[in-house]
Amino acid sequence: MTTAVKWIVLIAIVFSQNGLFAQTNAKKNAKLLKVTLTFETLDDSKDKNTTFICYVTSGTGITMGYFDEASSPKEFVSHSVNTIVLSESSELTKKDCENFSASISVENIDNGPWNFNAEIRMVFSDGSLLIKRKKNVRFVKEDDRISF
């Protein structure tokens, strides 16, 4: 074995124990701190009587965030941004959350359509994020639903 090969093997061993490989593993084990849902309402607002439900689930079917607006509906005026905290503090790791999906459905719709962009954002203990977005959504009638 040449000296260059020995150095490469030594460097790989060090990184696998304390370096880059260990950091990658640590990021996968970062704990989920918060899940938020942000609506950017476009040209048609959401009236106070229009309500929605949102579920965020892991790739294995674990509910990571949930919100039912029926108990406290709010108006989202045109061209506004509204953020809702779906959950805080969890034992789930970033690895558990990597293949998450979101579902938003409208329960009641009043006074015409609601047009928006939606974003699910997960914040982890190491400062990293997982984000999914759905653009140009238009809810027109009860039971309209999107998944992303």
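Just one residue in the set Asp143, Asp126 is part of a loop (DSSP other than H, G, I, E, B), under 23 Å from Pro73 (Cα atoms) and acidic (Asp, Glu); that residue is Asp143.
Take the residues in segment 64-113 that are in a loop (DSSP other than H, G, I, E, B) and among the polar types (S, T, N, Q); name whichever of them is nearest to Leu37 (Cα to Cα). If we take residues in segment 64-113 being in a loop (DSSP other than H, G, I, E, B) and among the polar types (S, T, N, Q), then Ser80 is nearest to Leu37 (Cα to Cα).
Conditions tested, residue by residue: (1) crowded, with 18+ Cβ neighbours inside 10 Å; (2) within 19 Å of Phe148 (Cβ to Cβ); (3) not small (Gly, Ala, Ser).
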position: Thr50; (1), (2), (3): yes, no, yes
position: Tyr55; (1), (2), (3): no, yes, yes
position: Leu86; (1), (2), (3): yes, yes, yes
position: Ser103; (1), (2), (3): no, yes, no
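Considering (1) more than 11 Å from the chain's Cα centre (by Cα); (2) touching a residue at least 40 places away in the same chain (Cβ under 8 Å), the lone condition that Thr63 does not fulfil carries the number (2).
Can you tell which of Ser78, Ser89, Ser58 is assigned by TED's automatic domain parsing to the domain that holds Asp143, of a type in the set (S, T, N, Q) and at pLDDT below 90? Steps first, answer last, please.
Values: Ser78 fails: at pLDDT below 90; Ser58 fails: at pLDDT below 90.
It is Ser89.
The values are calculated or read from the model by the stated rules, or taken from the named source; none is laboratory data. Note that this is a predicted model, so its numbers are computed, not measured. Here Cβ is always computed from backbone atoms with ideal geometry, including for glycine, and neighbour counts include all displayed protein chains.
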